Amino acid sequence: YVRDNSSSYLLGENKKIVVGPDITWLYPYALQEKNRSASENIVAFNLRFWQREYWPSLEWVSHVNRLDLPVNPWPLSPGDASLLRQYYRKIPEYFDIEPATKAGIVISMRFHGLVFAAQLGIPAIGLCYDPKCKRWLDEI
C-alpha cells in the first residue's frame with residue numbers, strides 16, 4: 001500500500017501494490033469554520049530534525065518569526081518537540097491537533113502536518129525535505 005503513483009513507480013512493477021489515500025483519511029479531522037477571524041493571524045509551525053543533508057532549522061524559524069504573527073509550535077513527534085523547544089516556549093509534550101485548529105495557516109516539515117491541514121481546510125506551506133511532501137502538495 002502506497003500513498004501516490006510516484007511511490008508505486010519507485011517500487012517497480014508489482015500487482016500487489018495498491019495506491020490509495022493516507023490511512024488518516026479513515027477518520028479525518030473535521031473542517032474548521034471559515035469565519036475564524038481571530039485565528040487567521042496564527043501560524044501552526046512544525047519542524048523536525050533532519051540530518052541526511054544540511055537543513056537550516058534556524059533559518060526557517062527566523063523566516064516564520066519575521067511574519068510578525070503569533071506562532072503556535074506544533075510537534076507531531078517527541079523529536080519535533082525537542083527541536084522546537086530550542087526556539088520556542090510552551091511546547092506540547094505530545095501530539096495534539098489543537099495548534100492547527102487554532103491557526104490560519106500551517107507551516108509544516110512533516111507530511112502528516114500537511115495532511116491534517118488539508119483535512120481541517122487550513123492553508124499549508126510545506127517545508128519539503130522529502131519527495132513525499134512535494135508529491136502530496138502537487139496532488140492537492
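Restricting the search to region 32-49, which residues are open to solvent by 30 Å² or more (accessible area, probe 1.4 Å) and either among the acidic types (Asp, Glu) or modelled with pLDDT of 85 or more (or both)? Glu33, Glu40, Asn41, Ile42, Arg48, Phe49, listed by residue number. Which residues, counting only those in region 124-136, are in a loop (DSSP other than H, G, I, E, B) and under 11 Å from the mean Cα position of the chain (by Cα)? Leu127, Cys128, listed by residue number. Remark: pairs (first residue in region 41-58, more than 22 Å from Pro78 (Cβ to Cβ) and in contact (Cβ under 8 Å) with a residue 60 or more places away in the chain; second residue of a type in the set (A, V, I, L, M) and open to solvent by 50 Å² or more (accessible area, probe 1.4 Å); Cβ separation under 7 Å; 6+ apart in sequence or on different chains) = Asn41/Leu69; Ile42/Leu69. Consider Ile107 carefully, then state whether it is in contact (Cβ under 8 Å) with a residue 12 or more places away in the chain, touching a strand residue (DSSP E or B) at 6+ places or on another chain (Cβ under 9 Å), open to solvent by less than 30 Å² (accessible area, probe 1.4 Å) and in a loop (DSSP other than H, G, I, E, B). So Ile107 does not fit the description; no.
Just to be sure I understand the filter: pairs with C-beta atoms under 8 Å, separated by 6 or more residues or on different chains, first member in region 1-30 and without any contact (Cβ under 8 Å) to a residue 12 or more places away in the chain, second member surrounded by 11 or more Cβ atoms within 10 Å (Cβ to Cβ) and in a loop (DSSP other than H, G, I, E, B). Which pairs pass? Pairs that qualify, where the first residue is without any contact (Cβ under 8 Å) to a residue 12 or more places away in the chain and the partner is surrounded by 11 or more Cβ atoms within 10 Å (Cβ to Cβ) and in a loop (DSSP other than H, G, I, E, B), are Ser8/Ile17; Leu11/Ile17. Within region 91-104, the only residue that satisfies the criterion of being in contact with a Phe, Trp or Tyr (Cβ under 7 Å, 6 or more places away or on another chain) and part of a loop (DSSP other than H, G, I, E, B) is Ile97. The listed residues are Tyr1, Tyr88, and the only one of them that is among the aromatic types (Phe, Trp, Tyr) and open to solvent by less than 80 Å² (accessible area, probe 1.4 Å) turns out to be Tyr88. In region 57-85, the qualifying residues are those that are assigned to a helix (DSSP H, G or I) and either buried (at least 17 other Cβ atoms within 10 Å of the Cβ) or charged (D, E, K, R) (or both), and the one that is modelled with the lowest pLDDT is Ser57.
At positive phi and not basic (Lys, Arg): which single residue out of Gly121, Gly113, Gly104 fits that description?
Step by step, each of Gly121, Gly113, Gly104 is checked, and only Gly121 is at positive phi and not basic (Lys, Arg).
Considering region 110-133, the residues that are among the small types (Gly, Ala, Ser) and open to solvent by 10 Å² or more (accessible area, probe 1.4 Å) include one that is nearest to Trp25 (Cα to Cα), namely Ala118. Out of Tyr88, Tyr54, Tyr29, one residue alone is touching a Pro at 6+ places or on another chain (Cβ under 8 Å), of a type in the set (Ser, Thr, Tyr) and not in a helix (DSSP H, G or I). It is Tyr88.
The values are calculated or read from the model by the stated rules, or taken from the named source; none is laboratory data. This one's a predicted model, so the numbers in the text were calculated from it and none came from an experiment. Note that we place each Cβ from the backbone using ideal geometry, even for glycine, and neighbour counts take in every protein chain shown. Heads up: the accessible areas ignore ligands, DNA and RNA and are worked out on the full protein's heavy atoms, side chains in. Shrake-Rupley method; radii C 1.70, N 1.55, O 1.52, S 1.80 Å.
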